[in-house]
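Presented below is the structure to which this report refers.
The values are calculated or read from the model by the stated rules, or taken from the named source; none is laboratory data. Just so you know, these numbers come straight off a predicted model, no measurement behind them. Reconstructed Cβ throughout: ideal geometry from the backbone, glycine too, with neighbour counts over all protein chains shown. These accessible areas exclude ligands, DNA and RNA; they are computed on the full protein's heavy atoms, side chains included. Shrake-Rupley method; radii C 1.70, N 1.55, O 1.52, S 1.80 Å.
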Amino acid sequence: MVRRGLAIGIVVLGVVSGVVALVGLGSRARADRFGGLEPSPGANVLLITVDTTRADHLGAFGGDPELTPNLDRLAARGVAFLEAQSPAPITLVAHASILTGLYPYRHGIRNNGTFSLAENVPTLATALRDESYRTGAFVSAYVLARRYGLDRGFEVYDDDLSRGRQENAGEVPARRAEVTVDSAIAWLDEVAGTGEPFFCWVHLYDPHAPYDPPAGFRERFPSDPYSGEIAYMDSEIGRLLAHLETRGEADKTFVAVIGDHGEALGEHGEQTHAILLHQATTRVPWILAGPGLPEGGKVRVPVSAVDLAPTVGWLLDVELPDATNLDGVAVVNPSSERLGELVDRSLYMETMLPRYQYGWSALRGIRRGRWQVVAGARRTLFDLERDPRELVDRSASDAAALRDLEERLKAVLEIDTADAAAREVISESEREKLAALGYLGFSELERHDPPDPRDLIGAHVHMERARVLAARGLSEQALGELDAMLGEDSQNTSALGLRASVLTGMGRLDEAAATLERLIALDPDNAQSYRSLAQLELGRGRPAAALELARIGGAKRGAFGSLCAVEAAALTSLGRRDEAVSLLDERLAEDP
């Protein structure tokens with residue numbers, strides 16, 4: 001494997017007598033080199049991505065040392081990046097950045113469910129497969145299913161969730177860590193005798209809400225099931241790492257553990273993640289261990305998840321395709337003389353979900369050293385060195401820092417062209433599933449003056465509760481939460497759509513129809529509203545009205561062809577069966 005010059009690599013670790021130096025967020029960085037580290041061509045790579053895991057819940061990152069003993073041991077024999085940042089607190093978006101080294105506006109995935117990685121975007125897996133690596137991926141949740149494009153480059157992409165758990169319709173289909181780890185171990189055993197190096201990616205989803213640790217861990221953490229999920233996940237990571245030891249692979253394997261995003265747990269009013277851009281959800285754990293890396297390294301310089309792919313490329317002496325155009329850098333490359341270049345670097349982050357789900361403003365942020373700005377309908381500035389929990393907005397008192405970061409963010413906005421055009425067409429049933437899971441709004445109404453999600457986070461919490469209650473059949477309570485949300489945001493089409501669905505399920509069809517008519521008045525171009533009202537009219541025994549609505553909705557935004565089925569049902573109810581069959585045959589001929 002010949003390296004053709006990864007020009008973007010920058011040293012991030014100052015080394016004194018072989019020990020990684022601690023570099024303060026705002027300090028002038030050391031110029032020391034990284035202890036003479038050299039690449040290890042042909043080494044194996046085990047990438048473990050831990051979903052929804054707060055960095056401060058790992059002992060090596062300041063958390064309870066009894067919670068994550070296996071991850072802490074891994075950190076003790078490698079390097080812990082204490083200030084790693086996620087480019088987006090959303091699973092698919094963050095994983096696309098981890099695997100491509102690109103920010104979301106470059107790789108084109110902006111949300112779960114409705115985007116797919118373009119065929120022309122190279123990944124770490126495609127690069128290593130080209131270098132004759134055996135490649136296997138083992139994911140634990142529907143949001144990373146192969147249809148979203150991350151399977152490219154993997155000879156095995158195991159997204160089989162048949163042994164998963166999904167107690168309610170409003171939960172993401174997922175499987176526990178033990179099932180995923182079992183599959184990964186079986187594949188590792190299969191490739192071990194080939195003599196070929198491997199790249200194995202294991203994604204673990206357990207700490208994601210709703211928190212439900214398995215027996216043993218549930219009892220250990222009766223009042224803190226989120227920590228119970230992390231402890232359980234850590235035990236399964238320990239089992240996977242022990243298997244590498246047993247097979248004699250540990251000494252020739254780079255192990256990277258990185259989070260996709262954190263979990264708010266009530267900070268800034270957010271209960272879970274994806275709506276706000278605060279350190280509770282954007283700071284992630286990143287541990288890197290393997291041949292030649294120093295033991296017990298702790299790095300405080302801010303880095304990003306986009307740095308993982310180029311870092312692995314450098315460690316293996318494999319040049320990633322189009323390497324000079326990556327957003328990430330190789331953070332263990334000793335070729336640079338100045339660590340300060342990394343300290344001065346801008347790290348980008350975003351969440352587009354408030355816009356897609358509610359019509360609120362998207363949030364975008366830039367971090368540079370100690371400072372971070374987040375911009376939506378308004379801007380906030382935080383000094384993360386003095387105020388790591390972001391309690392004091394310094395936009396008025398530190399105007400120079402604000403101007404600097406605003407200019408850097410403006411430069412990103414000027415080149416951000418990857419938006420709705422990258423969205424893939426999905427079926428109506430999948431769209432409804434994603435909407436129920438909170439990854440997609442009932443419509444994507446463009447508001448003239450969209451509100452800032454930081455001002456309406458309480459409304460979002462009502463919506464989260466409503467989804468859970470509705471999925472569990474607690475309809476009256478769900479309606480109470482929805483009405484509370486609409487009291488804060490009367491134009492929220494997602495809340496109106498769910499309200500109509502709940503009322504329909506309760507048999508309160510007149511109220512449901514009135515809610516849908518209100519929804520259509522707010523957003524008259526959304527096909528989904530017409531479809532729902534047409535189905536409701538069928539239920540009320542009014543097929544002529546349903547037929548008219550289905551035909552109107554078929555020409556609206558996001559129809560996906562699904563209204564043709566409603567139209568056919570209405571025609572059948574009107575005794576026009578031949579027309580219904582002809583309509584369906586025509587549609588099936590267009591899209592089998």
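Extending 7 Å from Cα along the Cβ direction at residue 389 and again at residue 56 yields two label points whose distance is 0.7 nm. In this calculation the C-beta distance from residue 66 to residue 472 is compared with R0 = 30 Å, giving a FRET efficiency of 0.35.
Descending by average beta-carbon neighbour count within 10 Å, the peptides 348-360, 245-257 line up as 348-360, 245-257, the highest first. Shape call for the stretch 108-181 from the C-alpha gyration tensor, a ≥ b ≥ c root eigenvalues: rounded (a/c under 1.5), prolate (a/b greater than b/c) or oblate? Oblate, because a/c is 1.5 or more while a/b does not exceed b/c.
Potential lengthening of the chain between residue 344 and residue 508 amounts to 53.1 nm, from the contour at 0.36 nm per residue minus the alpha-carbon distance.
Amide H contacts of residue 114 (H built 1.01 Å from N, in plane; Pro and chain starts excluded): no residue 5 or more places away or on another chain comes under 5 Å.
Our summary gives the stretch 445-571 a relative contact order of 16 percent, counting only alpha carbon pairs under 8 angstrom and 6 or more residues apart.
Per residue, the accessible area of the chain comes to 37 Å² when a 1.4 Å probe rolls over the protein heavy atoms. Near residue 212, no amide H atom lies under 5 Å from its own; only residues 5 or more places off or on other chains count, and H is placed 1.01 Å from N. Computed per residue of the chain from DSSP H runs no shorter than four, each worth -39500 (n - 2.57), the mean residue ellipticity at 222 nm is -11500 deg cm²/dmol. Summarising the amide proton neighbourhood of residue 150: residues at separation of 5 or more, or on other chains, whose placed amide H is nearer than 5 Å comprise 117.
Its alpha carbons give the chain an Rg and a Dmax of 24.9, 86 Å. Each Cα pair under 8 Å and six or more residues apart adds its sequence gap; the mean of these over the residue count of the chain is a relative contact order of 19 percent. Across the accessible surface of the stretch 121-195, with the other protein chains kept in place and a 1.4 Å probe, carbon and sulfur atoms take up 41 percent. Length gained on full extension, residue 189 to residue 586, computed as 0.36 nm times the residue gap minus the Cα-Cα distance: 138.0 nm.
With both residues required to sit in the chain, DSSP beta bridges show an antiparallel share near 50%.
Within the stretch 519-535, whose backbone N sits under 20 Å from a point 7 Å along Cα→Cβ of residue 572? The answer is 531-535. If I fit a long axis through the Cα atoms of helix 543-553 and take the longest principal axis of the Cα atoms of the chain, what angle between them do I get, 0 to 90°, rounded to 10? Approximately 40 degrees, to the nearest ten.
At full extension, residue 252 and residue 488 could sit 79.3 nm farther apart than now, given 0.36 nm per residue minus the alpha carbon distance. For the listed peptides 196-207, 274-285, a ranking on the average number of other beta carbons within 10 Å per residue, highest first, reads 274-285, 196-207.
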